[in-house]
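One structure is given below, encoded as structure tokens.
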Amino acid sequence: MRFGLALSGGGIRGVTHIGVLKALSENSLHPSWISGASAGSMAAALYACGYSGEDIESIVLRHMNSNVFDVDYPGITGGILKWVFTKDTDWDGVVKGKKLEQLMKELTHGRTMREAQIPLAIPAV
């Protein structure tokens, strides 16, 4: 059976995608293509590059307490103030992303989306 899988965002809730990938694998179901937004984009990219749900879980556990999630506290504060005074919700993410970007490059061996083992789409990060 051919099917695609879309993984959503949600910050730390994005780790729930690991359980989905593991459950699919346990039932011999493997997506023919995958997409992800925000937190889901990381799981989707790793899966498309050949990592299993178990592999991704191991990676997350290994880096959970590291500084790879470089939180942008000034950006958060600025975004909140902007919303309070203007109700404008257009502000940057909570994580700067430089360390996370480097980790993803290492884990994917610098592959692009076109070089993934299964088709991959990432509409937003």
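Bear in mind these aren't lab numbers, they're just calculated from the coordinates by the rules spelled out. Predicted model, so just to flag it, every value in this text is computed and none were measured.
Structure data summary
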{"read-out": "The range 1-72 versus the range 98-125: alpha-carbon centroid distance in Å", "value": "12 Å"}
{"read-out": "Net lengthening on full extension, M113/M1 (0.36 nm per residue, minus Cα-Cα)", "value": "38.0 nm"}
{"read-out": "Potential lengthening between A23 and S66 on full extension [0.36 nm per residue; Cα-Cα distance subtracted]", "value": "12.8 nm"}
{"read-out": "Full-stretch length increase - A121, T16 - with 0.36 nm per residue and alpha-carbon distance subtracted", "value": "35.9 nm"}
